[in-house]
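What follows is a single structure, written as structure tokens, with notes after it.
Every read-out reported here was derived from the displayed coordinates using simple, explicitly stated rules and does not represent laboratory data. Just so we're clear, the structure is a prediction, and the values are computed from it rather than from any experiment. No Cβ is skipped: glycine too gets one built from the backbone with ideal geometry, and neighbour counts run over all protein chains shown.
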Amino acid sequence: MISFLESVKTTGSFSKFPKPPKRKLQDFFKEKSGKKKARKEITTPAELHQYLIDNFADVSSAISREMFSEKLFSVTGPSDENEIINRLQKGFRNLKRQDAQTLMIYIQFGNFLNLCKAWQEKEKEEGRMNQTWAAWLKEKTGYSDDHARKLRATAKILFGYKKFFHVGLPIGFIIGKLKMIQEMLQVPEFNTFWKEPIQLPSTLRLQQSQT
């Protein structure tokens, strides 16, 4: 592809298009300019274990809504770089807390959904209900099982591993890594680590976030 582009630039003509590249075109340009960097992939349970730990959030503090006010996030005219960096860092710390809280809800509420599904299906089997789980859930809550299924799948693997309540990573990343996380938890030392009990403060006891 690069040689084709250089030929067009030199001669201004071409007879036919080359075959589509197997990689993204931007990768060719980065490689040609020397800017291409190898992206480190998480490939082993040990790497995933460490990556999750490296992304622990401080869940002892509340998420600050004030932190995300328009006033605090405005940048007008000459601004102090250190102050902007400080606000960026605070914003990301709060974002990690939010991600950790979302994961905790997925695990705990997802487990409840699994229990409810088992109960409802037993009721249907014994003739006390005639709806499917998906239809019953939609009618009673307004939520589709397409969404609930993600929570249930997350809980099936992570329920009981409370150290995951500290992980401040986007829920999409966690769901995408569930199979690898399941493999990680089959390693005895990792399983023991993630099952260790933790103390989460109640909502009322959360410290007001200043960071």
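Observations
- Links that overshoot a 26 Å alpha carbon limit, given the list Lys96/Lys138; Lys140/Lys179; Lys96/Lys156; Lys138/Lys195; Lys40/Lys177: Lys96/Lys138; Lys140/Lys179; Lys138/Lys195
- Other residues with beta-carbon under 13 Å from the beta-carbon of Thr44 carry, at +1 per Lys or Arg and -1 per Asp or Glu, a net charge of -1.
- The local environment of Tyr161, defined by Cβ-Cβ distances under 13 Å, has a net charge of +3 under the rule Lys, Arg +1 and Asp, Glu -1.
- Taking other C-beta atoms within 10 Å as the exposure proxy, Ile85, Ile63 rank Ile85, Ile63 from fewest upward.
- Qualifying chymotrypsin sites (Phe, Trp or Tyr not before Pro) in segment 111-203, where qualification requires a DSSP coil assignment and no more than 14 other C-beta atoms within 10 Å, comprise Tyr143.
- Under 5 Å, built H, 5+ apart or other chain: amide partners of Phe56: Gly168
- For segment 157-187, the residues whose backbone nitrogen is under 16 Å from a point 7 Å from the Cα of Ile53, taken along Cα to Cβ, are 162-168, 184-187.
- The local environment of Glu123, defined by Cβ-Cβ distances under 13 Å, has a net charge of +2 under the rule Lys, Arg +1 and Asp, Glu -1.
- The trypsin sites (Lys or Arg not before Pro) of segment 77-137 meeting both criteria, a DSSP state outside H, G, I, E and B (loop) and at most 14 other C-beta atoms within 10 angstrom of the site's C-beta, are Arg128.
- ³J(HN,Hα) computed for each position of segment 190-199 - Karplus, 6.51 cos²θ - 1.76 cosθ + 1.60, integer Hz, glycine/proline x: 6, 4, 4, 4, 6, 8, 4, x, 10, 10
- Sparsely packed GluC sites (Glu not before Pro) within segment 73-178, loop by DSSP, other Cβ within 10 Å at most 15: Glu126
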